[in-house]
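Single-structure report; data block below.
The values are calculated or read from the model by the stated rules, or taken from the named source; none is laboratory data. Computed from a prediction, not measured in an experiment: that's the story for all the values here. Backbone-built Cβ (ideal geometry, glycine too); neighbour counts: all protein chains shown.
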């Protein structure tokens, strides 16, 4: 990744790998869960909180690196889809 220190590049690569192998599968499972009109559990909400906390901590590393902006935007969109549908399910008493 051009313009990044070796340390930052290593951290970002590790975070991307963790996202690919751990976070994304769980996010997709949560998306399917809410699309099937199920409510999120407390553990699901805690997981989503951790994802957002991690994103907030790593955002400064992505500034100035437009190649990462699309990825970040897609993750935020996925999070938004999950939480919006979860709220709808909660309000409808699913």
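Every condition in (1) in contact with a helix residue (DSSP H, G or I) (Cβ under 8 Å, 6 or more places away or on another chain); (2) in a helix (DSSP H, G or I) is met by residue 77 except one, and the failing one is (1). For the range 71-94, residues that are surrounded by 15 or more Cβ atoms within 10 Å (Cβ to Cβ) and without any contact (Cβ under 8 Å) to a residue 24 or more places away in the chain total 0.
Of all residues in the range 51-70, those satisfying the criterion of being out of contact with any helix residue (DSSP H, G or I) (no Cβ under 8 Å at 6 or more places or on another chain) and either touching a residue at least 12 places away in the same chain (Cβ under 8 Å) or surrounded by 12 or more Cβ atoms within 10 Å (Cβ to Cβ) (or both) are 64, 65, 67. Beta carbons closer than 6 Å, at least 6 apart along the sequence or on distinct chains, pair a first residue in the range 22-50 that is at positive phi and at pLDDT 95 or above with a second that is surrounded by 11 or more Cβ atoms within 10 Å (Cβ to Cβ) and outside any helix (DSSP H, G or I) for 37/94.
Scanning the range 1-20 for residues that are in a loop (DSSP other than H, G, I, E, B) and loosely packed, with under 11 Cβ neighbours inside 10 Å yields 2, 3, 5.
State all residues of the range 21-38 that are exposed (fewer than 14 other Cβ atoms within 10 Å of the Cβ) and outside any helix (DSSP H, G or I); if no residue qualifies, say none. Listed by number, the residues that qualify are 36, 37.
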